[in-house]
Amino acid sequence: MTGESSEKASAGETVPQLSVKELFSRRSVPKARMQGWVAGKAGVGGIVFVILRDGTGYIQTSAKKGVASQQVFEAMRDVPRESVVQVTGAAREDKRAPGGVELVAEGFEVISKAEPWPITKTAVKSASFLYDMRHLSIRGRKSIATMKIRAEVMGACSDFFREEGFTLISAPTFVQAAVEGGSTLFEVAYFGKKAYLSQSAQFYEEAALAGLEKVWICQPAFRAEKSRTNKHLTEFWMIEAERAFADQEANMLLQEELVGFIADRILERRGDELATLGRKFLRPELPLERITYDELRAAAGAKGVPFEWGEDVPTEAESLVSLSRSAPFFVTDFPLSARSFYHMTYDDRPLVTRSADLIAPEGFGELATGGQRIAEYYPLLQRIKSQDLPPEAFSWYLDLRKFGMPYHSGFGMGVERLTRWIAGLKNIRSASLFPRTTTRISP
């Protein structure tokens with residue numbers, strides 16, 4: 001241990017242990033104890049400044065030579081960055097300090113001394129190095145701000161669905177059938193059988209509808225996509241919801257209400273984090289714009305990115321159209337050839353599905369995919385066969401249609417993609433604490 005312990009208070013004196021947030025809320029405290037990490041240091045003349053960080057924020061701590069004890073002054077001057085320390089002193093308002101509050105050290109104790117910090121100013125210019133050191137780089141201000149925004153997104157989702165009467169469920173990670181296509185499945189050995197990591201919880205949500213009517217889920221999803229773009233991860237978290245007695249229009253209304261609710265919550269509670277990231281985020285006006293697949297295809301073609309009818313929308317085309325928008329928008333009526341087998345089509349347009357993608361503005365791209373599901377047994381069986389899929393692999397999913405399945409719809413929304421758009425991040429990797437991509441599985 002180094003320096004004077006704050007436990008050396010006078011007999012009978014109780015020194016409250018406070019967080020940075022509590023110190024800022026009180027503004028002035030005669031004596032308090034705080035524990036945290038050394039985020040930075042500076043010296044001006046006979047004064048040493050240490051920036052302390054805990055889970056609630058940052059605060060400046062100071063010690064003046066000749067006022068603080070020599071032991072405290074030297075301990076603060078010499079303490080390495082990221083060391084864990086305990087400081088005792090008086091909190092006071094000071095306009096010169098970041099946030100307008102400073103903790104004047106009377107006692108300073110090093111709980112865990114750190115070795116020299118490996119992430120230097122030169123090293124931060126290498127994104128690859130920062131992700132190699134992700135276990136340490138997540139201590140940075142921007143990483144912390146991003147993770148708090150991500151947590152707020154997930155908390156807002158929970159509150160929204162609870163208020164809307166949805167029940168939170170969980171679903172298996174090991175599955176035997178594809179939801180989004182066999183080419184993106186991660187195959188795993190399962191006690192002598194072949195299994196896969198779940199791409200989506202949709203089928204299990206549909207099964208839960210008969211008992212709960214409105215369900216939602218938030219858990220990891222896995223896609224073996226070989227895409228190396230700024231919006232793809234091989235493992236990510238997905239918010240999914242399914243609702244009985246809801247058509248595709250109701251499904252889109254639910255999604256835009258969710259986006260509006262999340263935006264309000266972020267602006268209400270995470271303004272400081274947005275400022276740290278330099279992000280000017282605005283709440284989108286509802287209702288959100290809706291354009292058809294055909295309209296997007298025409299707009300993309302006019303911008304020099306043509307693609308054939310029936311193809312999924314290329315990333316470049318999606319980005320070009322997205323760049324011309326300032327708020328999320330829906331792309332509706334995708335061709336059946338660009339959608340999974342379970343999507344319902346229009347009676348008068350059997351090759352067009354009742355589905356939509358929710359696209360973020362500013363070039364951020366797809367946030368969610370949703371649609372109305374086929375609710376009848378024989379139409380679903382026919383669709384499975386028409387796409388050369390093995391009916392036996394979907395036996396229990398087909399069974400649901402034999403025992404009372406109403407019309408229903410749902411969607412899946414990526415947590416990291418949503419966070420990336422709200423926080424204004426260049427790459428989706430920054431929205432994950434420990435991102436997994438085609439080239440990264442460590443740390």
Q) Of these, 141, 150, which one is touching a residue at least 40 places away in the same chain (Cβ under 8 Å), within 28 Å of residue 243 (Cα to Cα), among the basic types (Lys, Arg) and touching a helix residue (DSSP H, G or I) at 6+ places or on another chain (Cβ under 8 Å)? A) 150
Q | Among the residues listed as 171, 208, the single one being under 18 Å from residue 400 (Cβ atoms) and either open to solvent by 40 Å² or more (accessible area, probe 1.4 Å) or not in a helix (DSSP H, G or I) (or both) | A | 171
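The rows are residues; the columns are (1) at pLDDT 95 or above; (2) among the acidic types (Asp, Glu); (3) open to solvent by 70 Å² or more (accessible area, probe 1.4 Å); (4) not in a loop (DSSP other than H, G, I, E, B).
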site	(1), (2), (3), (4)
254	yes, no, no, yes
262	yes, no, no, yes
275	yes, no, yes, yes
290	yes, no, yes, yes
296	yes, no, no, yes
309	yes, no, yes, no
319	no, no, no, yes
Q. Any idea which residue in segment 342-358 is least open to solvent (accessible area, probe 1.4 Å), counting only those that are acidic (Asp, Glu) and more than 25 Å from residue 260 (Cβ to Cβ)?
A. 348
(Q) For a quick check of your reading of the model, give me the residue pairs whose first member lies in segment 226-250 and is open to solvent by less than 20 Å² (accessible area, probe 1.4 Å) and part of a loop (DSSP other than H, G, I, E, B), whose second is at pLDDT 95 or above and among the hydroxyl-bearing types (Ser, Thr, Tyr), with beta-carbon atoms closer than 7 Å and at least 6 apart or on different chains. (A) 233/432; 246/409
Q. Counting just the residues of segment 359-398 that are of a type in the set (Val, Ile, Thr) and over 26 Å from the mean Cα position of the chain (by Cα), which one comes out surrounded by the fewest Cβ atoms within 10 Å (Cβ to Cβ)?
A. 384
Q | Considering residues of segment 187-205 that are surrounded by 13 or more Cβ atoms within 10 Å (Cβ to Cβ) and free of Cβ contacts under 8 Å to residues at least 40 places away in the same chain only, the residue farthest from residue 255 (Cα to Cα) | A | 188
**Q.** Filtered residue count, segment 399-435, keeping only those that are surrounded by fewer than 19 Cβ atoms within 10 Å (Cβ to Cβ) and within 24 Å of the chain's Cα centre (by Cα)
**A.** 5
Q: Would you mind stating whether residue 376 is of a type in the set (D, E, K, R), touching a Lys or Arg at 6+ places or on another chain (Cβ under 8 Å) and at pLDDT 95 or above?
A: yes
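The values are calculated or read from the model by the stated rules, or taken from the named source; none is laboratory data. Quick caveat, the model's predicted, so the values are computed rather than measured. For neighbour counting, all protein chains shown are included, and Cβ atoms are generated from backbone atoms with ideal geometry for every residue, glycine included. Each accessible area value is taken on the protein alone, full model and side chains, heavy atoms only, with ligands, DNA and RNA left out. Shrake-Rupley method; radii C 1.70, N 1.55, O 1.52, S 1.80 Å.
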